[in-house]
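To start, the structure itself, in structure tokens.
Taken together, the values in this text are just the output of simple stated rules run on the coordinates, not laboratory data. No experiment lies behind these values; they were computed from the predicted model shown. Neighbour counts run over all protein chains shown; Cβ positions are idealised from the backbone, glycine included.
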Amino acid sequence: MSVAVDSSLRTTAPYSPSVANWIRAAVLGSALLVPSLPAGIASFDPFLAVFCMVAITRVLPRHPLGPRIVRTTLPWIWLVTLASLAAGSLFGLGLPAWTLTTLLRDAFLLLLFFAVFGASLVYQPRVRGTVHLVITVSALVILIQGGYRPSGWFGNTNIAAHFFATGALSLLLTSSRTRSADLLTMLLATAAILRTGSFGSMAMLSAGFVYFFLQRVRVSRDWALRVLLALAVASLLVLGWFSYEKVDISGGNQENNAQRFERSGSLRTEIWTSSLKLVPEHPFGVGPYGVVSRQLSADGLEVHNDYLGYLVERGALGLLGLLGLGATFWRRAPPGGATRGLLCAIAVGGVFRETLHFRHLWIFLALCLAWDLSRGDRFGPLQSHTTRQGSETVGVFGIKQSLEIRSS
């Protein structure tokens, strides 16, 4: 495939002092390790917001794709924001504090997404190296820590498991060739997920691996590779079944995986049923974080479903904005790319728990989107850092593409 490449898209990171690199890595690592609160603002958020604003204004405009992504996603972001404000104000008198703090939290997450997206376009190897280090160290902490379903420094077992699932998949999907460092980090992350016993994260990991397998099979003519990938996916499914049926992580809690799965499924069914009854009564929603704050669900818990949660709390317009934002990311990413694979996993994870307030989700999504768009996007020609006439570059999933370089 011969593609004309505009040399103006070729953006390289200028030299910067090592101290600045350490600061960037420290902030990104801290953002990955400090999860967002369900409602309210963590003490780390204001500092992170300032850093993100600097990154967005100074780094994001360096690459032509940065402003384009902002423009295409803003309409859906505004729709979600307006629906959230309408839901919070129409339910009662004025806007309660939890609605405002939840919207501020959402704003921090979007700032972080655009900041990491810009940084990944310009400093991609450095960002990916930081992600490698954080996932590896966090997985080792989980594996060493004792007790029932350890959470490490995340404070919540399910947040930790979701972090490892999205992190491992982002490394897998953005790897153009097999590297020992990637394999080691993904194995540690998978072991950490099994240690936490999170069923939703296991389902996410399986969905991501199935997507990876299908894309590799579609483009590869090597039957040995196809068989190897099929065995890898089958092994993951068998491992999930084995951990569900055989592995006892009760730690003296007198509850094995099968019992916990049954209890968790019954509780979620009860929560979803009670939450659905709120939709006809409040078509514009009960306000962001309104289900928990107003004790409207069974046992006063969150909805445990991203889509139903948006429908109940932000109304049909809020859900439409969320789906539109996801569809925008899907359309802008190339077919078979890392972004679409991670979106499939996130969509599966959102069925079992509310995950969109997890800070790491937006960081890994930004990393995958930057990886895809720097190699070939729906806006225009493929970008390449190669300058030799008629050379080859490794594209998404290791597919070689012949590029014809033209100078502007």
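Bin width 10 Å, alpha-carbon pairs only: give the P(r) of segment 81-209 as whole percents, running from 0 to the bin holding the largest distance.
All Cα pairs, binned at 10 Å, distribute as 12, 32, 29, 19, 8, 1 percent.
Give the calculated FRET efficiency between A97 and V351 to the nearest 0.05, with a Förster radius of 35 Å applied to their Cβ-Cβ distance.
0.70
So if each residue of separation counts as 0.36 nm, and I subtract the Cα-Cα distance between R294 and E281, what length gain in nm does that give?
3.2 nm
Rg/Rh for segment 289-370 to two decimals, with Rh computed the Kirkwood way over all alpha-carbon pairs.
On the Cα set of segment 289-370, Rg over Rh gives 1.02.
Kindly put V131, V279 in sequence by how many other C-beta atoms sit within 10 Å of each C-beta, fewest to most.
V279, V131
Consider all pairwise Cα distances in segment 270-325 and report the whole-number % of them above 16 Å.
Here the long-distance tail beyond 16 Å is 30 percent of all Cα pairs in segment 270-325.
Test of understanding: ordering L48, L112 by Cβ neighbours within 10 Å, fewest first, what list do you get?
Sorted ascending by nearby Cβ count, the order is L48, L112.
Would you mind calculating the gained length between A26 and A107 on full extension (0.36 nm times residue separation, minus the Cα-Cα distance), in nm to one decimal?
27.0 nm
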